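The values are calculated or read from the model by the stated rules, or taken from the named source; none is laboratory data. Remember, it's a predicted structure, so these values are computed and weren't measured experimentally. Reconstructed Cβ throughout: ideal geometry from the backbone, glycine too, with neighbour counts over all protein chains shown. Remember, those area values only see protein heavy atoms, side chains included, never the ligands or the DNA or RNA. Shrake-Rupley method; radii C 1.70, N 1.55, O 1.52, S 1.80 Å.
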Amino acid sequence: MTTVAFTPGTEARFAVARHVADAVLFEGYVLYPYRASAAKNRLRWQFGVLVPPSWSAAAEEHDLQHTECLMEPRTGAELAVEVRFLRAQRRTVEELRADGTFAPTGELHLADRILVPWDEGVEERVTLVVPVGELRGDGAALPFARPAAEEVEDVTDAAGRVLGRLVRRREEIRGTLRISAAELDGPYRVERLSVTVENSSAWTAGQDTDRHAALPHSLVATHTLLRLDGGSFLSMTDPPEWAKGAVAACRNLHTWPVLAGEPGRDDLMLSSPIILEDHPAIAPESPGALYDATEIDEILALRTAALTDEEKREARGTDARAAAVIELADTMPPEVLERLHGAVRSLQGVTGPPKPADGVLVPETPWWDPAGDTDVDPGSDHVLVDGHAVSAGSRVVLRPRLRRSDAQDLFLDGRTALVEAVVHDVDGGVHIAVTVEDDPGADIRREQGRFLYFQPDEVEALEDR
């Protein structure tokens, strides 16, 4: 068992997985509008937080992650493990007084930014390389620790005069990485791999201590990368038929393992606190990290570019990563922003290879031409609802179904609505487009064609029109 740096081959494979793992590591790190004063940035670190044992007993958070997955190692194979997490570094701001001393302050104004107190995230890694044969039985355990530290950075103006300083403090954290493997019974040479990451910090929560005080002693956004140099991992979401029972028996606590790296390869596994599919990937159109993977890059970029100069100053002073987002949005070329508008990848296999000139996929004929299809007309088509013909201009009562409705649709239960169109989809389904009566924005929705859609069994026909 070693804790030395990875071989070039392993490092190259992990580099492929880290691209996606970075999105996990920094998911929710600093949310739009990227300012410390925003309410949603005051409750941070939502995913993969392993708190000290003394705090986990008093809160609904956990001090460990446990991963189990299946692997088929070759004889003599080695397993490389990399645990990654953020360490919360508490940054305070101090201003220089007239008497030459420094005093804490809530804001320090500079020409291009406003510095405020903030918790920064410092990336940490714990690495391990071990022969698979040594993992059977009790396996391997690797304790790790990061000492407390304090750093001071002077803050100066354009002329080089000291205006204040930033004080960054990191608390001691301790943890243990435990790994073991057990060969399963059956005709196939399959082993169940178990990986546990524990926070064992000795910090004790006081009576009035809250989550804010526990975070500097926590492992934040914790996730694990695994790589076999000989052999393969089995998919935990789409295993072969013979392995489904063994997969179902695996126990995963506060994390979920998926195959990582390029589709078609199975030597990498990412165990993430965010549920992902096998071989997750960042969209090639994404120009950089925006720290909110659940949003659309185009919307975030446009909103960020629309911030006022004062808001951008505060964002730049909040965090270096937030400052990079502001710079990205302000300098994004129009052609890059246009690429964020959307891409249809599923049509590539149908329409053939792209044109060499501009890369635009152009099928020989349109898959559907609305102007040439006289069988359907949303403005005049009708559908029978309880024996009544419902078409554009009909009035209906909305009765959303629990099994398939958006949560917001349920608030419309019992409301009356005007039918704007009856729409047929390419799969033969029928949808009723409506605007809700008494909706002050109905005219705008109608002009833009932005309707609410319900299926015929989700409405009741009103006889009066």
Exercise. What number of residues within the stretch 431-445 satisfy the criterion of being surrounded by 15 or more Cβ atoms within 10 Å (Cβ to Cβ) and closer than 21 Å to V383 by Cα?
Worked result: 6
Seminar exercise, completed: Being under 18 Å from L128 (Cα atoms) and among the β-branched types (V, I, T) narrows V93, V81 down to just V81
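Matching residues to (1) of a type in the set (D, E); (2) open to solvent by 50 Å² or more (accessible area, probe 1.4 Å):
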| site | (1), (2) |
| --- | --- |
| F233 | no, no |
| D238 | yes, yes |
| A246 | no, no |
| H254 | no, yes |
| S271 | no, no |
| I282 | no, yes |
| D292 | yes, no |
| E314 | yes, no |
| A323 | no, no |
Exercise. What number of residues within the stretch 447-457 satisfy the criterion of being of a type outside the set (F, W, Y) and within 34 Å of the chain's Cα centre (by Cα)?
Worked result: 5
For this session: Just give me the residues in the stretch 204-231 being among the small types (G, A, S) and more than 26 Å from the chain's Cα centre (by Cα), in sequence order.
Result: A205, G206, G230, G231
Problem set entry | Pair list, Cβ < 8 Å and 6+ apart or interchain, from the stretch 93-114 residues that are without any contact (Cβ under 8 Å) to a residue 12 or more places away in the chain to residues that are open to solvent by less than 80 Å² (accessible area, probe 1.4 Å) and among the charged types (D, E, K, R) | A103/E94; A103/E95
For this session: Quick one: in the stretch 415-430, of everything that is closer than 15 Å to H382 by Cβ and of a type outside the set (D, E, K, R), which residue is surrounded by the fewest Cβ atoms within 10 Å (Cβ to Cβ)?
Result: V430
Exercise. From the list R42, R18, which residue is out of contact with any strand residue (DSSP E or B) (no Cβ under 6 Å at 6 or more places or on another chain) and at pLDDT 85 or above?
Worked result: R18
Exercise. Here is a list of conditions, (1) over 30 Å from W203 (Cα atoms); (2) without any contact (Cβ under 8 Å) to a residue 12 or more places away in the chain, and E60 meets all of them except one; can you say which number that is?
Worked result: (1)
For this session: For L307, indicate whether it is more than 26 Å from G106 (Cα to Cα) and either open to solvent by less than 50 Å² (accessible area, probe 1.4 Å) or in a loop (DSSP other than H, G, I, E, B) (or both).
Result: no
